[in-house]
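Asker: Structure provided below as C-alpha cells; questions to follow.
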Amino acid sequence: MKLNYGRTILVGLSFMSILAFWQFYDQVIPFLLEKRFGLETFAANAIMSIDNILAIFMLPLFGAISDRTRSPLGKRTPYILFGTLVSVALMVVLGLFEQSANFWGFMIALVAILVVMAMYRTPAVAYMPDVTPKPLRSKANAIINLVGYIGGIFSTVVMMFMLKSEKTASGESVYAEGQSFLPVFLVVAAFMLVSVLVMVFTIKENKLNEMVKDEMTEEKDEDAPQSTGKLPRPVFKSLVLILMSVFLWFTAYNAVTTAFSRYCVNVWGADLSTSSSYLLTATISAIIAFVPLGFLSSKLGRKATVLMGVALMTACYTVAILFTKQTPLMYLIFGLVGIGWAAINVNSFPMVVEMSTGADVGKYTGFYYTFSMAAQIVTPLLSGFLIDNLGFGYSVLFPYAVLFSALSFVTMCFVRHGDAKPVKKASLLESFDVED
C-alpha cells in the first residue's frame, strides 16, 4: 500500500487556500479595525473573536452535514467550491468597503465571510482522511500541511512586499496608515480561487473514492465502531478525555501567546518587539522539531509523545515564573516550548480522527476544532479577569499556564484509544504528522 503523493498534494490545495486567508485575516483585519475605523482595542478584539465563536457551532455542524452529503461533486467538494467562490467575492467586497471607509458595510462583509469560511473549513480538512487509509494518513497529513503552509507563507510575502510598515514609539511594527489595502485583498482572493479551482478540476472526489475503496481496509481500534452511531463506552470515554486535554493545553498555550507581549512590557519593562522574537523562536523550533518528533512517535506511540510534549511545556512555564527580567535564557525556554507544542500537535488530531469511521470523519474533525476554538475564546477572558479584575497582574500568566497544562497531562494519562501502533517509518514524510 503506497501513498499517491501527487494526488495528496492536489487534495491539500483547499487547505492551502484556507491558510492563506487566515494568515491575511490575523495580520491585517485587527490593524484596519483599530487604525482605519478607530475602534478601541477591546472592541477590535471582540470582533476578532467572532470566528472562534462561529467555529464552536459551525465546524462540527458542517462536518457532520458533509459526512451525509451525496452529490455529483462528492461530499466535501461542494462545500469547498461554493465556500471558496463566495469567500473570494466577499474578499473583494470587503476590500472595497475598507477603501471607502464604510464601517458597517465592512462589518457585514466581514461577518459574512467568517460564516462562509466556517462552512467549508471542516469539509476541507476531512477530505484527506476520506481518501487515505489509516496507515498512510500520517504521511498524507504531512503533505497536506506542507502544502497548507505555502498558503500562509504566500500571504505573508504578499503583505511584506505590498504593504508599508512603520515602528511605533514602543518598538512595535505596524502597517503604515493611509495606504490602500485593496490590492492585497485582491491578490489573496485570487490565490484562494486558483488553488481551489486547480483541485476541483484535477481531482474528482466520487471517482477518487471509488478508486481507493479497496484500500480503505485499514486496521481499526478493536473497540471502535464499524459505522456511524454511538461509540462504545471505552472509546467515548477516551474521546471525551482527549477533547478535554485539547481544551486545557490550548487554554494554557493561547494565554501565553495572547498576553506575552503585555507581559514583556509590564513585568520585564521590555518593548513589544521582544515578545515577537521569543514567540518566533518557539515557532521556528516547532517547525524544526516536527520530523524528529515524528520518528519519536513512531517508536513510542502518539500518546506517549503527547505526554512528553505536555510535560516539557509545563516544565518550561514553571521555569519562566522564576525570571523577573528579560534574559537570553528565555530563548531556550521558548525554543523548548515550541518543541513541546509540536509534539502535541503532531499527534493529537490524528488520535481524535482515529476513533472515527470512514463515514464520520468530518464530525470528529469538527469535534477537535470545537474544543480548540472554545479554549481560544475562554482563555483571553479568564486570564484577563485574573490579571485585571482580581488584581493579580501579569505575573499570574505563567502560573496560569502551568495549572492548565498540568491538568491536560492528567486527563491525557487516562486516554486509552486513538493511539497508533508504533511502526517503522518508510520515509521522513511519514513521520512528519502535522495538524493545523
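Every number here is computed from the coordinates shown, using simple stated rules; none is lab data. Bear in mind the structure is a predicted one, so any value in this text is a computation, not a measurement. With ideal geometry, Cβ positions are generated from the backbone for all residues, glycine too; neighbour counts draw on all protein chains shown.
Asker: Could you work out the percent of alpha carbon pairs in segment 233-431 separated by over 20 Å, rounded to a whole number?
Answerer: On the way: 11164 of 19701 pairs.
Beyond 20 Å sits 57 percent of the P(r) for segment 233-431.
Asker: I've got another one for you. Could you let me know the centre-to-centre spacing of segment 17-74 and segment 91-119, using Cα atoms, in angstrom?
Answerer: Value for the Cα centre distance between the two parts: 11 Å.
Asker: OK, next. M244: net charge of surrounding residues, Cβ under 15 Å, Lys/Arg +1, Asp/Glu -1, itself excluded?
Answerer: It works out to a net charge of +3.
Asker: Further, regarding this structure: So for I29, I288, fewest C-beta neighbours within 10 Å to most, what's the order?
Answerer: I288, I29
Asker: Using only the alpha-carbon atoms, what does segment 1-92 span along each of its principal axes? Please give whole angstrom values in decreasing order.
Answerer: Result for segment 1-92: principal-axis Cα extents of 54, 27, 26 Å.
Asker: I'd like to compare 178-190, 76-88: which one has the highest average count of other Cβ atoms within 10 Å, and what's the full order after that?
Answerer: Sorting 178-190, 76-88 by mean packing, highest first, produces 76-88, 178-190.
Asker: Could you work out [θ]222 nm for the chain from helices alone, using -39500 (n - 2.57) per DSSP H run of at least four and dividing by all its residues? Round to the nearest 500 deg cm²/dmol.
Answerer: Counting only the DSSP helices, I get -24500 deg cm²/dmol.
Asker: Next up: Towards the positive end of the charge dipole of the chain, with charges on Cβ (+1 Lys, Arg; -1 Asp, Glu), say which of S372, L73, L332 has the farthest Cα.
Answerer: Comparing the listed Cα positions along the dipole, L73 ranks first.
Asker: Going toward the positive end of the dipole of the chain, with +1 on Lys and Arg Cβ and -1 on Asp and Glu Cβ, which of V28, Y400, M313 do you reach last?
Answerer: Farthest along the dipole direction, towards plus: M313.
Asker: Any idea what the dipole of segment 5-215 comes to, in debye rounded to 20, about its Cα centre with Lys/Arg Cβ at +1 and Asp/Glu Cβ at -1?
Answerer: Working: 16 positive and 14 negative charges, 146 e Å.
Dipole of segment 5-215, to the nearest 20 debye: 700 debye.
Asker: While we're on this one: Test of understanding: ordering Y127, Y369, Y400 by Cβ neighbours within 10 Å, fewest first, what list do you get?
Answerer: Taking fewest neighbouring Cβ atoms as first place, the list is Y400, Y369, Y127.
Asker: Could you tell me which helices of the chain pass both thresholds, a Cα extent of 15 Å or more along their own axis and a mean Kyte-Doolittle hydropathy of at least 0.5, with helices taken as whole DSSP H runs?
Answerer: Helices meeting the criterion: 13-31, 50-68, 77-99, 103-130, 137-162, 182-202, 233-263, 272-300, 302-321, 329-354, 361-384, 397-413.
Asker: Here is a further query. Tell me, in nm to one decimal, what length is gained between I153 and K167 on full extension, where the rule is 0.36 nm per residue of separation less the Cα-Cα distance?
Answerer: Extra length available between I153 and K167 comes to 2.8 nm.
Asker: Another question about this same structure. Could you calculate the contour length gain from D388 to R68, that is, 0.36 nm times the residue separation minus the distance between their Cα atoms, to one decimal place in nm? Don't skip to the answer; put the middle values down first.
Answerer: Details: separation 320, 0.36 × 320 = 115.20 nm, distance 4.63 nm.
Full extension from D388 to R68 adds 110.6 nm.
Asker: Mind scanning K75/K299; K204/K303; K204/K230; K2/K299 and naming the pairs with a C-alpha gap bigger than 24 Å?
Answerer: K75/K299; K204/K303; K204/K230
Asker: How compact and how long is the chain, expressed as Rg and Dmax of its alpha-carbon atoms in Å?
Answerer: 21.5, 63
Asker: In debye, nearest 20, what is the charge dipole magnitude of segment 233-431 about its Cα centre with +1 on Lys and Arg Cβ and -1 on Asp and Glu Cβ, if you could check?
Answerer: For this selection, approximately 580 debye.
Asker: How large is the dipole of the chain about the Cα centre if only Lys and Arg carry +1 and Asp and Glu carry -1, each at its Cβ, rounded to the nearest 20 debye? Don't jump to the answer; show the numbers that get you there.
Answerer: Numbers: 31 positive and 28 negative charges, 174 e Å.
The dipole of the chain has a size of about 840 debye.
Asker: Same structure, new question: What list do you get for K207, K134 if you sort them by fewest beta carbons within 10 Å? Before the final figure, lay out the partial values.
Answerer: Numbers: K207 10, K134 18.
Fewest-to-most ranking of K207, K134: K207, K134.
Asker: Given 0.36 nm per residue, what is the gain on full extension from I108 to T324 after removing their alpha carbon distance, in nm?
Answerer: Stretched fully, the I108-T324 segment lengthens by 73.3 nm.
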